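Okay, structure first, notes after.
The values are calculated or read from the model by the stated rules, or taken from the named source; none is laboratory data. It should be emphasised that the depicted structure is a prediction, and the values quoted were computed from it without experimental measurement. Methodologically, a virtual Cβ is constructed for each residue, glycine included, from the backbone with ideal geometry; neighbour enumeration extends over all protein chains shown.
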Amino acid sequence: MSAMLKEQLVKVFSLMKPGMLFQYEPELDAFLEFLIWRFSIWVDKPTPGIALMNLRYRDERAVEIRENVRTGLEGPGLTVAQKMWYCIAAVGGQYIWARLLSFSAFRRWGDSEQRPLARRVWGLMQRIEGLYKAASFGNLLLFLYTGRYRNLIERALRARLVYESPNMNRAVSFEYMNRQLVWNEFSEMLLLLLPLLNSSTVKSVLHPFSKNKSSSSTEDDSTCPICRASPTTPYLALPCQHRYCYYCLRTRCAAAPSFRCSRCSEPVVAMQRHGSIVEHKTHNQ
């Protein structure tokens with residue numbers, strides 16, 4: 001949700017000086033996260049994603065004290081202190097860490113050889129980040145096993161997501177979501193494979209199925225089929241006798257020994273200057 005709001009906000013400043021928002025990106029992210037917190041968790045309302053899953057936050061400490069939970073839905077919401085600490089950790093903590101990383105990278109603390117204090121601080125930051133990632137991974141494993149506390153902030157504050165109501169009909173049609181997922185995966189596969197394909201090779205392979213070879217004689221033979229310009233130094237591809245620029249034909253034959261004519265898909269075994277003797281593709285060593 002924060003990314004969606006950020007995209008719309010960036011469009012507002014799209015006509016202003018390029019890169020103006022880049023230097024204030026941490027502040028922008030913190031402001032959007034604060035707005036989401038202010039109008040959801042602070043007023044005891046779920047975010048749109050949590051509402052779609054029929055979830056809410058519950059103070060797990062109060063439930064453990066009562067010990068009379070029957071359905072798992074009972075229990076009060078978060079206290080004011082929990083909400084404030086959630087904002088400080090989720091919004092303020094991420095902002096301070098992002099600013100600290102950008103400042104240390106700009107000052108090149110990790111590359112400094114004249115300031116040992118800066119190097120030690122940089123090493124300490126790297127260790128803290130590594131410990132945090134390891135703790136997050138451990139919390140993920142516990143979450144997959146027990147189903148409690150998605151992240152470290154929720155675990156520290158004992159803020160657990162539980163069902164809002166016991167019965168709820170899903171209002172989301174999964175048919176559209178399935179089509180969207182299939183199309184996204186298909187488009188990503190095409191974006192991955194298309195740069196790996198040689199267009200001339202694909203064209204030569206599909207040429208016999210898409211067009212009759214006899215129609216190639218009716219094409220304009222006055223232009224080079226590679227650069228689409230009139231050949232300044234015309235050469236003929238043998239044995240099909242189609243005319244090319246010398247450099248176009250020479251480079252293609254050198255790059256692909258099994259080069260086929262772009263007009264008729266015949267293998268080019270030699271090349272001949274227009275009105276001269278035959279010149280083979282490979283020179284004698």
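Within the stretch 61-83, the set of residues being exposed (fewer than 14 other Cβ atoms within 10 Å of the Cβ) and either under 17 Å from Trp37 (Cβ atoms) or modelled with pLDDT of 90 or more (or both) comprises Val80, Ala81. The criterion of at least 2 residues that are over 30 Å from Leu52 (Cα atoms) and at pLDDT 85 or above is met, among helices (runs of 4 or more DSSP H) falling completely within the stretch 155-270, by 246-255.
Would you tally the residues in the stretch 9-60 being aromatic (Phe, Trp, Tyr) and surrounded by 13 or more Cβ atoms within 10 Å (Cβ to Cβ)? Step through it out loud before you land on a result.
So in the stretch 9-60, the residues aromatic (Phe, Trp, Tyr) come out as 13, 22, 24, 31, 34, 37, 39, 42, 57.
Filter once more, keeping what is surrounded by 13 or more Cβ atoms within 10 Å (Cβ to Cβ): 31, 34, 37, 42, 57.
Residues flagged as aromatic (Phe, Trp, Tyr) and surrounded by 13 or more Cβ atoms within 10 Å (Cβ to Cβ) within the stretch 9-60 amount to 5.
Report whether or not Tyr86 is aromatic (Phe, Trp, Tyr) and within 24 Å of the chain's Cα centre (by Cα).
no
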